[in-house]
1. Out of region 397-494, which GluC sites (Glu not before Pro) are coil in DSSP terms and have no more than 14 other C-beta atoms within 10 Å?
2. Leaving out ligands and nucleic acids, and using a 1.4 Å probe, what accessible area per residue does the chain come to in Å²?
3. Over the chain, with every protein chain in place, what whole percent of the accessible area is carbon and sulfur at 1.4 Å, could you tell me?
4. At 222 nm, what value in deg cm²/dmol follows for the chain if DSSP H runs of at least 4 each add -39500 (n - 2.57) and the sum is divided by all its residues, to the nearest 500?
5. Show me the trypsin sites (Lys or Arg not before Pro) within region 172-274 that DSSP assigns to loop and that have at most 15 other Cβ atoms within 10 Å of their Cβ.
6. When the Cα atoms of region 353-446 are enclosed in a convex hull and the volume is divided per residue, what value in Å³ results?
7. Please report the orientation-averaged projected area of region 128-178, defined via the convex hull of its C-alpha atoms, in nm².
8. Treating each Cα of the chain as an identical point scatterer and ignoring solvent, apply the Debye formula and state log10 I(q)/I(0) at q = 0.05 Å⁻¹.
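The values are calculated or read from the model by the stated rules, or taken from the named source; none is laboratory data. All figures in this text were calculated on a predicted structure; none of them were measured in a lab. Counting neighbours? That spans all protein chains shown, and the Cβs are built from the backbone with ideal geometry, glycine included. These area figures cover heavy atoms from the full protein model, side chains too; ligands, DNA and RNA do not enter into them. Shrake-Rupley method; radii C 1.70, N 1.55, O 1.52, S 1.80 Å.
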Amino acid sequence: MTTPINSGEPLVIASKHPTDGPLYQRIAAHIRAAILAGDLPSNSRLPSTRTMARDHNCSRYPVNAAIDLLKSEGIVESRHGSGIYVAQELVNMSRRTPSKPLASACIEQKSCDQKKIKDSLPYTNDIPTGCGIFSHHPDISLFPFKVWSNLLKEYWHAPPEKDIREQDPAGFRPLREAIANHLALWRGLSVSGDDIVITSGTTPALNLVTRIVLQKNDKALVEEPGFRQAMHALNLIGAEAIPIPVDDNGLVFDSLLKNTQAAKAAYVTPSHQHPLGSVLSIRRRQELLYWADNNDAYIFEDDHDAEIRYNGLPLAPLKSIDQNDRTIYLGTFSKTMFHSLRLGFMIPPKQLMTKILAENRRQNHCISITEQPAMARFIAEGHFARHVRRVRTLYERRRNALVDLLRNKLKKGIQLHYDEAGTHVVLVFDRSALPKSDWIVSRALAKDHINVTPLSDYYYRKKNAKHGLVIGYGSTEIKDYESAVTKIATSLYC
């Protein structure tokens, strides 16, 4: 049974919701907040887009854009000939009161021994990680170095004395404000420059916040397969990683609940799971936030590859629906600009900001001022947004060409995984038909300067590892695909 919403009660934008950013983001933010608060129940029918446009005194274009964004997040769904409905899978988190904290849930499976996990990981030193065909680097030929060079020269020709003598541990303020404006405009995340800390990338930021949030022997949940550096950050402080499997909807939440006893943090890539590419469903996002709030835990949200999305609008971050401030948002510019830039940012919960800035001062981890003024103008003047649009267009063509070629040449024992974001595809081996080790295949291809990554390298527990190849396409031109894919086929089947 469905519940229609009274069309006489317009979905107006209340003052408590963000007032900056484009209209479609504001409409989406209002509808999203109303749904997640339970004001619009699951399975309810929304007013027509024509009605909402009339209520907002706007055209249907921003309303349609808002609905498309909410569809991509799994919050609403279309039903043919019937209209737009609140998704059936949603949970009213704001009105749930747990009878006991989820931390008391029993563990059906013992957590992994950290030393065994570490010892079981393959050594990667003998496989090149730099340039080469199918490497995981952005295409630097697309970057507007002339613009970047001019921005650097204009600032450093006569820099303000205060910028040289004093350094804010949170980073260059104009850059923080430019990032805040960009997030509001493109990601629907309403923050100010005061909420942002400039970092030298995701991994250093992760190393910093794990030291603040966790202690030796604390437990933290990580995705499996997942980002290896997350486990390394935990190893550095002696914390214990508890791998949680992922599927097409992100973290398998049943498994998460079975392994949550005393866990103090969770590392996730919700907008584009690394490396498999799935998007964490809205229901699982709600459950994860509910788990964090009721276990006094924090979520490390790595917004991996979020800017590089080919179909529809970029997804709203997990942090944008975090009403209890448990999420530490981690962003980087390395994937869209160039790896050696080493410039990123984090948005920590307000209660952690003082500790983070104090740690930056104590460890003298303030980021070099050199690139920050140029980056501030690069974003504020629209160069960054134009660059992202340019690389999206080219990378989508490269992805489509690579997928077509892989489908034609690799037929036996292969599952091809690709999605609407990022700069890589994944081949998963059917071990019954293709028993080869992905490490043997990777080493063989490296001799021909084909730099693919073994999928098993992303698993923390060797017994759970699937074999396959992670193939980057961002920096490789289409003309080089034919010979490279032919060599991959030869390595797999001969």
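1. Details: sites: Glu420, Glu477, Glu482; in loops: Glu420, Glu477.
Hits after loop and neighbour filter: Glu477.
2. Numbers: 22240 Å² over 494 residues.
Counting only protein heavy atoms, the per-residue value for the chain is 45 Å².
3. Ligands and nucleic acids excluded, carbon and sulfur reach 50 percent.
4. Calculated from helices alone, the mean residue ellipticity at 222 nm is -11500 deg cm²/dmol.
5. On the way: sites: Arg176, Arg187, Arg211, Lys216, Lys219, Arg228, Lys258, Lys264; in loops: Arg187, Lys216.
Those satisfying the criteria are Lys216.
6. Values: hull volume 20.4 nm³, N = 94.
In region 353-446, the Cα convex hull volume per residue is 217 Å³.
7. Values: hull surface 24.4 nm².
It is 6.1 nm².
8. Debye output, listed in q order: -0.20.
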